Amino acid sequence: MAHTETNTMMAVVLTRFGGPEVLELHQDWPRPQPAPNEVLVKVTAAAVNNTDLWTRQGAYGRPEDPKALAGWLGDFDFPRIQGGDICGVVTEVGANVGDQLLGRRVLIDPALYPTDDENASPTGYLGSEADGGFAQYVAVDAAHAHDVHDSPLTDEQLACLPVAFGTAMAMLDRARVQPGETVLVTGASGGVGLALVQLASARGAHVLAITSGSKADVVLANGAALTFSRDSRHVADQIRAAAPDGLHVVADIAGGPGVAALMPLLQDNGRWVIAGAVAGPVIEFDLRRLYLHNIQLIGSSMHTRVHFRGLVDLARIGGIRPQISATFALTAITDAQAEFSARRHVGKIVLLPE
């Protein structure tokens with residue numbers, strides 16, 4: 001059992017719901033001690049996600065009050081270290097854990113599962129219901145630390161995978177995307193969007209993508225066959241012309257008015273899978289477009305253990321290539337989140353602990 005040198009660490013701590021000012025940088029925050037079944041991981045890279053901003057803002061609402069300040073599960077415990085995307089090196093193991101992972105580079109499954117069922121859906125995640133990776137160290141269940149020591153991907157690339165690519169893999173699996181199907185991806189230039197484009201294309205799907213015009217070349221380079229400007233007033237007509245037989249699947253992370261506008265483009269028995277609502281969480285659409293055409297509307301939040309192992313397998317062989325837009329020091333987390341919020345980036349923004 002190896003030990004780190006000090007009992008404190010640098011960490012960014014969320015103290016309450018609000019703006020960037022509620023993130024406090026501490027140089028001497030207590031370093032976690034691994035429980036008997038845990039490992040201690042020295043964080044080498046941690047990526048930023050929409051969930052970090054929405055959690056900080058308390059933007060998830062409650063079923064009885066969509067405008068209420070809440071975490072994604074409602075109640076939220078402060079203080080909290082956020083960050084669900086974590087790559088690092090195991091520096092210490094708990095009493096019931098062997099030393100096989102000591103010194104190994106690992107990718108962390110951020111999901112907290114309620115049971116041992118391989119297909120259990122998460123009921124929490126690191127950075128929300130438990131402390132995450134916006135710190136120099138994090139303690140995690142040993143079974144969630146996956147050895148990627150020999151992966152050709154960099155630490156920064158690996159840190160892009162858990163939330164975005166895990167979410168994308170789960171979306172495509174739950175929508176049962178098959179080779180040869182036409183899949184429309186909304187919000188295609190963000191972390192989850194680019195992951196959807198890459199993974200759907202790798203499955204042999206014909207990928208159409210909605211993005212801003214300035215980001216189209218990058219989306220095409222990641223596997224899309226055609227892109228459409230989200231700013232066009234005629235985007236639905238353009239997609240209809242490009243897919244005259246209709247769409248098999250829409251993989252949506254935008255929500256908003258696009259749901260009503262684009263749902264008629266699905267074939268009968270088509271599938272609409274959604275894992276985000278950056279364009280608006282409360283919508284109206286014609287239910288007849290759903291039931292008259294046997295459309296399946298599928299909610300998808302994060303991944304299962306099975307999905308994550310598939311992602312790790314791809315990471316080990318370099319079968320995916322996450323795109324990094326920018327890196328920031330952890331001490332500049334507010335700048336990183338501001339850049340993320342500006343939506344100028346393509347791919348992922350990564351934080352590096354000092």
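Choose one of I295, I253, L265: the residue whose Cα lies farthest towards the positive end of the charge dipole of the stretch 226-331 (beta-carbon charges +1 Lys, Arg; -1 Asp, Glu; about the Cα centre).
Highest projection toward the positive end goes to I253.
If you average the C-alpha positions of the stretch 75-91 and of the stretch 139-177 separately, how far apart do those two centres end up, in angstrom?
15 Å
Using mean Cβ contacts within 10 Å as the protection proxy, how do 305-313, 56-64, 196-204, 170-178 order, highest first? List each step's numbers first, then the result.
Values: 305-313: 18.7, 56-64: 14.9, 196-204: 22.7, 170-178: 21.0.
Those peptides, ordered most packed to least, come out 196-204, 170-178, 305-313, 56-64.
Counting Lys and Arg as +1 and Asp and Glu as -1, what is the net charge of the other residues whose Cβ lies under 9 Å from the Cβ of V273? Write out the running numbers ahead of the final one.
Numbers: positive: R174, R271; negative: D252.
With Lys, Arg at +1 and Asp, Glu at -1, the neighbours total +1.
Looking at the square roots a ≥ b ≥ c of the eigenvalues of the Cα gyration tensor of the stretch 172-276, which shape do they give, rounded for a/c under 1.5, prolate if a/b is larger than b/c, or oblate?
Judged from the Cα gyration tensor, the stretch 172-276 comes out rounded (a/c under 1.5).
Excluding same-chain residues fewer than 8 positions from K215, which lysines have a Cα within less than 27 Å of its Cα?
Candidates past the 8-residue exclusion: K348.
Go through 129-141, 269-281 and give me the packing order, highest mean Cβ count within 10 Å leading.
In descending order of packing, they fall as 129-141, 269-281.
Can you tell me the orientation of helix 305-317 relative to the chain, as the angle in degrees between its alpha-carbon axis and the longest Cα principal axis, to the nearest 10?
80 degrees
Sort 96-104, 118-126 for me by packing, meaning the mean count of neighbouring Cβ atoms within 10 Å per residue, highest on top.
Taking the mean over residues of other Cβ atoms within 10 Å, the ranking is 118-126, 96-104.
Give me the percent of the accessible area of the stretch 205-354 that comes from carbon and sulfur atoms, probe 1.4 Å, all protein chains in place.
52 percent
By how many degrees, between 0 and 90 and to the nearest 10, does the Cα long axis of helix 333-342 differ from the longest principal axis of the chain?
Result, in degrees: 0.
Tell me the relative contact order for the stretch 166-211 as a rounded percent, counting alpha carbon contacts under 8 Å between residues six or more apart.
Details: 66 pairs, mean separation 21.1, N = 46.
Reported relative contact order: 46 percent.
In units of 2.2 N^0.38 Å, what is the alpha-carbon radius of gyration of the chain?
0.98
Compute the Rg to Rh ratio over the stretch 218-354 from the alpha carbon atoms, using the Kirkwood formula for Rh, and round to two decimal places.
When Rh is taken as the Kirkwood radius, the ratio is 1.01.
Starting from the Cα-Cα distance between N96 and R16, subtract it from 0.36 nm times their residue separation and give me the gain in nm to one decimal.
Once the chain is fully extended between N96 and R16, it gains 25.3 nm.
Can you compute the charge dipole magnitude of the stretch 115-179 about its Cα centre, using +1 on each Lys and Arg Cβ and -1 on each Asp and Glu Cβ, nothing else charged? Give it in debye, rounded to the nearest 20.
With Lys and Arg at +1 and Asp and Glu at -1, about 340 debye.
Under the classification rounded if a/c is under 1.5, otherwise prolate if a/b is larger than b/c and oblate if not, where does the stretch 55-130 fall, given a ≥ b ≥ c as square roots of the Cα gyration tensor eigenvalues?
Taking the square roots of the gyration eigenvalues as a ≥ b ≥ c, the stretch 55-130 is prolate.
Given 4 °C and 1.567 mPa s, how large is the Stokes-Einstein diffusion coefficient of the stretch 160-222 in µm²/s, with Rh as the Kirkwood radius over Cα pairs?
The calculation lands on 114 µm²/s.
If I take every Cα pair under 8 Å that is 6 or more residues apart in the stretch 1-104, average their sequence separation and divide by the length, what percent do I get for the relative contact order?
Across the stretch 1-104, relative contact order equals 35 percent.
How high is the FRET efficiency between D313 and A221 when r is their beta carbon distance and R₀ equals 30 Å, given to the nearest 0.05?
0.80
Along the positive direction of the dipole of the stretch 39-144 (beta-carbon charges: Lys, Arg +1; Asp, Glu -1; about the Cα centre), which of A47, V90, V106 reaches farthest?
Of A47, V90, V106, it is A47.
Suppose all protein chains stay in the model; what accessible area per residue would a 1.4 Å probe give for the chain, in Å²?
The answer is 42 Å² per residue.
Restricting to Cα pairs below 8 Å that are 6+ residues apart, what does the relative contact order work out to for the stretch 119-196? Please round to a whole percent.
Reported relative contact order: 23 percent.
Can you give me the C-alpha center-to-center distance between the stretch 325-354 and the stretch 257-273, rounded to a whole angstrom?
Going from one Cα centre to the other spans 33 Å.
Would you mind working out the magnitude of the charge dipole of the stretch 1-116 relative to its Cα centre, with +1 at each Lys and Arg C-beta and -1 at each Asp and Glu C-beta, to the nearest 20 Debye?
200 debye
Roughly how many debye, to the nearest 20, is the charge dipole of the chain about its Cα centre, given +1 on each Lys and Arg Cβ, -1 on each Asp and Glu Cβ, and no other charges? Numbers along the way, then the final one.
Values: 26 positive and 38 negative charges, 213 e Å.
In debye, rounded to 20, the chain gives about 1020.
Which Cα, out of S121, L194, G213, lies furthest along the positive dipole direction of the stretch 117-251 (beta carbon charges, K/R +1, D/E -1)?
Selected residue: G213.
Determine the shape class of the stretch 123-176: with a ≥ b ≥ c the square roots of the Cα gyration tensor eigenvalues, call it rounded for a/c under 1.5, and otherwise prolate if a/b is greater than b/c, oblate otherwise.
Judged from the Cα gyration tensor, the stretch 123-176 comes out oblate (a/c at least 1.5, b/c at or above a/b).
In a Debye calculation with equal point scatterers on the alpha-carbon sites of the stretch 69-192 and no solvent, what is log10 I(q)/I(0) at q = 0.12, 0.17, 0.21 Å⁻¹?
So the normalised log intensities are -0.54, -1.03, -1.36.
The values are calculated or read from the model by the stated rules, or taken from the named source; none is laboratory data. This one's a predicted model, so the numbers in the text were calculated from it and none came from an experiment. Counting neighbours? That spans all protein chains shown, and the Cβs are built from the backbone with ideal geometry, glycine included. Just the protein is used for accessible areas: all its heavy atoms, side chains included, with ligands, DNA and RNA removed. Shrake-Rupley method; radii C 1.70, N 1.55, O 1.52, S 1.80 Å.
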